[in-house]
Amino acid sequence: MRVAVLSGGRSSEHEISLLSGDAVANGLEAAGHEVIRVLIEKSGAWIVDGHPVSIRPGEGLEAGGDLLTVDVVFPVLHGPFGEDGVTQGAIDTAGLPYAGSDVLASAVCMDKLTLKRLCGFHGIPQVGFVQAFTPGWEEAARDLEFPLWVKPSRLGSSVGITKVTDPADLVSAVEEAAKFDPRVIIEANSAGREIECSVLGNQDAEASLPGEILTDDEWYDFEAKYTEGRTRIAAPADLSDEVTARVRELAARVFQLAGCSGLARCDFFVEEGEDEAKILLNEINTIPGFTTTSVYAKLWEATGLNYPDLCDRLVHLAIDRAKEEAEHSF
């Protein structure tokens with residue numbers, strides 16, 4: 001098939017997206033597909049072979065005055081304006097199938113507050129949290145046990161996050177997070193192990209073997225994530241068979257509850273207990289890092305699915321979802 005791979009984007013994760021997009025393009029070519037590489041500049045402009053790309057509603061993408069022949073779009077965009085449903089809506093307008101979640105699921109999962117409320121409604125275990133700037137938020141946050149984590153609700157890569165150990169620093173941490181997003185979440189701490197699980201599929205989602213994040217820093221911040229040698233992933237994680245099965249089952253369930261499709265990475269805390277381990281949802285990423293050495297791909301490799309086959313599966317899942325949606329009248 002002819003696949004348009006979108007990478008770059010307007011977010012602070014632009015450079016990471018370029019690396020992911022290049023890896024996906026190479027993986028698709030290794031799987032036998034033809035790839036059109038589309039750069040989304042930091043300004044938001046879409047470019048292919050030096051030509052600006054525009055959308056023909058219901059017809060596809062146009063570049064240099066010609067309609068691009070595209071079977072599937074594969075967005076490999078991290079953070080705002082790429083992972084939050086904005087780009088997915090643009091592709092829907094073009095009338096093209098695309099890999100990954102639709103507009104609603106992308107937006108829900110990008111917003112930590114919305115996702116946690118949805119999962120809380122369904123009884124998914126997670127740490128306590130408070131939304132800043134709502135009535136009584138300061139008192140409610142101080143009722144949580146310190147340390148607390150203050151985060152922009154709709155950003156990734158640990159941007160704007162502060163660990164608060166002193167209640168006197170809470171307001172300044174919230175103000176710092178609000179520089180990036182007016183929606184700010186305050187979360188209770190978990191001392192559990194950071195366990196991640198990759199999910200693949202549509203309605204019949206399957207989960208990979210879980211892996212564990214091991215970092216030389218106090219926590220998994222931007223520098224630890226993207227500085228070579230600072231972080232490694234144990235794939236698979238050293239967990240009991242029972243805990244491994246529970247993590248995989250919970251990852252698939254969260255994926256389905258959020259309405260995801262194609263791919264996602266579910267992140268958990270696993271707290272050891274005297275009777276049984278407690279598994280707490282941290283978050284879900286609908287377009288996780290996607291290089292051959294990223295956690296998402298490494299976990300599938302540990303489960304027995306190589307990188308080109310993984311990229312190929314995602315293209316076919318996109319086609320399957322588009323065919324199913326075409327059966328409905330909107």
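Each reported figure results from applying straightforward, stated rules to the coordinates on display, with no laboratory input. From a predicted model like this one, the values you see are computed outputs, not experimental measurements. Glycine gets a Cβ as well: all are built from the backbone with ideal geometry, and neighbour counts include every protein chain shown.
Before moving on, here are some points about what is shown:
- Counting only DSSP beta bridges with both residues in the stretch 2-99, the antiparallel share comes to about 45 percent.
- Relative contact order computed over the stretch 193-325 (Cα-Cα under 8 Å; 6+ residues apart), in percent: 28
- Electrostatic dipole magnitude of the stretch 178-330 [Cβ: Lys, Arg +1; Asp, Glu -1; Cα centre; debye, to 20]: 540
- Structure-based [θ]222 nm, the chain - -39500 (n - 2.57) summed over DSSP H runs of at least 4, per residue, nearest 500: -10000 deg cm²/dmol
- Restricting attention to the chain, lysine pairs at least eight places apart or on different chains and with alpha-carbon atoms under 20 angstrom apart total 14.
- Footprinting exposure proxy ranking of Met1, Met110, fewest other C-beta atoms within 10 angstrom first, gives Met1, Met110.
- DSSP bridge analysis restricted to the chain gives an antiparallel fraction near 80%, rounded to the nearest 5.
- Alpha carbon convex hull of the stretch 1-152, projected area averaged over orientations, nm²: 11.7
- Candidates Ala168, Ala188, Gly89 compared by Cα position along the dipole of the stretch 62-212: farthest toward the positive end lies Ala168, with charges placed on Cβ.
- Listed values for the stretch 40-45 are Karplus-derived 3J(HN,Hα) couplings in whole Hz (6.51 cos²θ - 1.76 cosθ + 1.60, θ = phi - 60°), namely 9, 6, 4, 6, x, 6, and x replaces Gly and Pro.
- Sorted by Cβ density within 10 Å, fewest first, the residues Val38, Val254: Val38, Val254
- The chain - percent relative contact order, Cα under 8 Å, separation 6 or more: 18
- Exposure proxy order (Cβ contacts within 10 Å, fewest to most) of Ser43, Ser101: Ser43, Ser101
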